[in-house]
Amino acid sequence: MRSLALSLLKLFIRVNFPTVSQITTEEFADWLLNPVKPQPFVLDARSQPEYEISHIKTALRIDPVAPGLTALSTESKDTPIIVYCSVGYRSAKVAQQLQRQGFSQIYNLSGGLFQWANEERPIFKDDAHPTQLVHPYDPIWGKMLKTSYHAEN
């Protein structure tokens with residue numbers, strides 16, 4: 001059921017944000033392991049409490065409601081940027097805003113951190129401490145995250 005719900009949500013996101021390029025968790029994981037390919041700038045488009053529980057290593061948190069993009073002011077418009085949130089909706093909105101500002105290599109992580117964690121990919125409390133806990137966002141959305149990964153919120 002979890003996988004079906006996440007698949008339907010990913011379809012909904014693709015339909016509502018047709019200009020935003022999606023990257024799968026597998027493609028993103030391979031990219032991070034490729035020492036030859038320029039590493040992407042990674043943005044976490046979740047709330048501060050969600051980010052504090054866990055995030056993808058090296059991710060910079062950006063407010064999904066009012067993204068202050070000053071962190072990107074020194075980046076080239078051609079810098080590859082991966083944006084993620086819990087399931088991909090908030091990050092797709094941020095990715096769309098970045099596209100409108102002229103960034104050309106923006107990717108939304110399909111399935112977000114929930115799919116990343118469900119696939120047992122590495123997440124961190126801070127960049128030095130691995131964890132398996134993820135903020136479930138709320139009781140409804142949290143159903144797309146394996147129960148064993150739920151942090152208390």
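Observations
- For Ala151, the test of being small (Gly, Ala, Ser), buried (at least 16 other Cβ atoms within 10 Å of the Cβ) and more than 30 Å from Pro18 (Cβ to Cβ) is passed.
- When each of Glu27, Glu50 is tested for being in contact with a Cys (Cβ under 9 Å, 6 or more places away or on another chain), at pLDDT 95 or above and not in a loop (DSSP other than H, G, I, E, B), the lone residue that passes is Glu50.
The values are calculated or read from the model by the stated rules, or taken from the named source; none is laboratory data. Remember, it's a predicted structure, so these values are computed and weren't measured experimentally. Neighbour counts are summed over all protein chains in view; Cβ atoms, including those assigned to glycine, are modelled from backbone coordinates with ideal geometry.
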